[in-house]
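> One structure coming up, written as structure tokens, with questions to follow.
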Amino acid sequence: MTNFSKGAILLLLLILSAQSLEARLQSCKPSGTIRGKKPPPGQCNQENDSDCCKDGKLYTTYKCSPPVTGTTKAVLTLNSFEEGGDGGGPSECDNNYHSDNTPVVALSTGWYSGGSRCLNNITVSANGRSVTAMVVDECDSTMGCDEDHDYQPPCPNNIVDASKAVWKALGVPEDDWGELDITWSDAKSCKPSGKIKGKKPPKDQCNRENDSDCCEEGKYYDIYKCSPKVTAHTKAVLTINSFEKGGDGGGPSECDGKYHSDHIPIVALSTGWFNKMHRCFKNITIYGNGKSVNAMVVDECDSTKGCDADHDYQPPCDNNIVDGSKAVWEALGVPQKDRGLMDIHWTDA
């Protein structure tokens, strides 16, 4: 055997060893097994050809899932998130049921990550198409074969369990729904588009009503041309604004060039959500403090500019703001002393 051949074999062995090590590092090993129990009569919903546990069969459990990358390999399965569907109880993220006509998914335990992906979007790709879907539930890889899990086996550790809307968006014929090899990734976030440098406002030129911020000399503020994707549960921060003449909202509203009474439920939206006036005079539904209110969009909370006379010498708006009138806060039952900033979610009405 020549030195060249020996060297080639040695190189091949090193490559195979490195690949094997990488595979071991990226693998997710079982955490145990559970023994199946025969479901009581009528207690396992087999909609969408769901499996039911078999008496005495050992099922593998996992506490982990493969690493998430830009193209995470997974198996797409079909699930009903509606009341009475094979998904069992309400979704883990919000304790609600969801229409199968909206793109929603449950993720295997490792990817669900203790709820850290709850109500966030992922991008699912297959069949030459892609769809954005919201995470609303866990496909439990650690437990199963009991009443809480509809007497179905534990979920494998590589599952994206999706509503009918996801399968439709991917263009899969209904006869082929069930299991499909896919890739997925966390949906792209909205990143800053630049910065502006703050200028000290001229005397009495920044209205501090409702504890509004004024620009600080030399401070850099992020600006955004985009906002997070709008879903049925769009996360946002509710702020308070006066839309009346002389209020901290500055000039008249962008949608109609008019001022509006603070006693009606109206809002300004961050630039991305304002969408070049496409939401003008449309209603959104805001959820917070255990209540909800419908409010009309009349203005933009500018995320691209600020710190000038046109913007009342206030900083650019963050990209996730619903700036509400006093009437919005009152409808949500928030005491006046607590008004200012509140985590909410909203959707187009």
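The values are calculated or read from the model by the stated rules, or taken from the named source; none is laboratory data. Keep in mind the model is a prediction, meaning the values are calculated, not measured. Don't worry about glycine lacking a Cβ; one is built from the backbone with ideal geometry, like all the others, and counts go over all protein chains shown.
> Tally the residues that are touching a strand residue (DSSP E or B) at 6+ places or on another chain (Cβ under 7 Å) and loosely packed, with under 13 Cβ neighbours inside 10 Å, restricting the search to segment 186-227.
5
> Please state which one of Ala232, Ala236, Ala309 is over 20 Å from the mean Cα position of the chain (by Cα) and either farther than 28 Å from Pro202 by Cα or of a type outside the set (Ser, Thr, Tyr) (or both).
So the residue among Ala232, Ala236, Ala309 that is over 20 Å from the mean Cα position of the chain (by Cα) and either farther than 28 Å from Pro202 by Cα or of a type outside the set (Ser, Thr, Tyr) (or both) is Ala309.
> Same structure again: Can you go through Asn319, Asn294 and tell me which one is of a type in the set (S, T, N, Q) and either farther than 26 Å from Lys191 by Cβ or outside the structural domain of Gly218 (by TED's automatic domain parsing) (or both)?
After applying the criteria, what remains is Asn294.
> Grab the strands (runs of 3 or more DSSP E) fully contained in segment 244-349, keeping just those with 3 or more residues being surrounded by fewer than 22 Cβ atoms within 10 Å (Cβ to Cβ).
Strands (runs of 3 or more DSSP E) meeting the threshold: 283-288, 291-301, 341-348.
> Restricting the search to segment 157-183, which residues are closer than 14 Å to Leu107 by Cα and small (Gly, Ala, Ser)?
If the condition is that a residue be closer than 14 Å to Leu107 by Cα and small (Gly, Ala, Ser), then Ala162, Ser163 are the ones that fit.
> Could I ask something else about it? Six or more apart or on different chains, Cβ atoms under 8 Å: show the pairs whose first residue is in segment 325-339 and closer than 23 Å to Gly250 by Cα and not assigned by TED's automatic domain parsing to the domain that holds Asp248 and whose second is outside any helix (DSSP H, G or I) and modelled with pLDDT under 95.
none
> Do we have Ser227 as modelled with pLDDT of 85 or more and touching a Phe, Trp or Tyr at 6+ places or on another chain (Cβ under 6 Å) here? Spell out how you get there, then give the answer.
Details: modelled with pLDDT of 85 or more: yes; touching a Phe, Trp or Tyr at 6+ places or on another chain (Cβ under 6 Å): yes.
So Ser227 fits the description; yes.
> Same structure again: Going through segment 36-67 one residue at a time, which ones are modelled with pLDDT of 90 or more and either in contact with a helix residue (DSSP H, G or I) (Cβ under 7 Å, 6 or more places away or on another chain) or among the basic types (Lys, Arg) (or both)?
First, the residues of segment 36-67 that are modelled with pLDDT of 90 or more: 57-67.
Correct list: Lys57, Tyr62, Lys63, Cys64, Ser65, Pro66, Pro67.
> Another question about this same structure. Six or more apart or on different chains, Cβ atoms under 6 Å: show the pairs whose first residue is in segment 239-252 and over 16 Å from Cys214 (Cα atoms) and whose second is modelled with pLDDT under 90.
The qualifying pairs are Phe243/Gly249.
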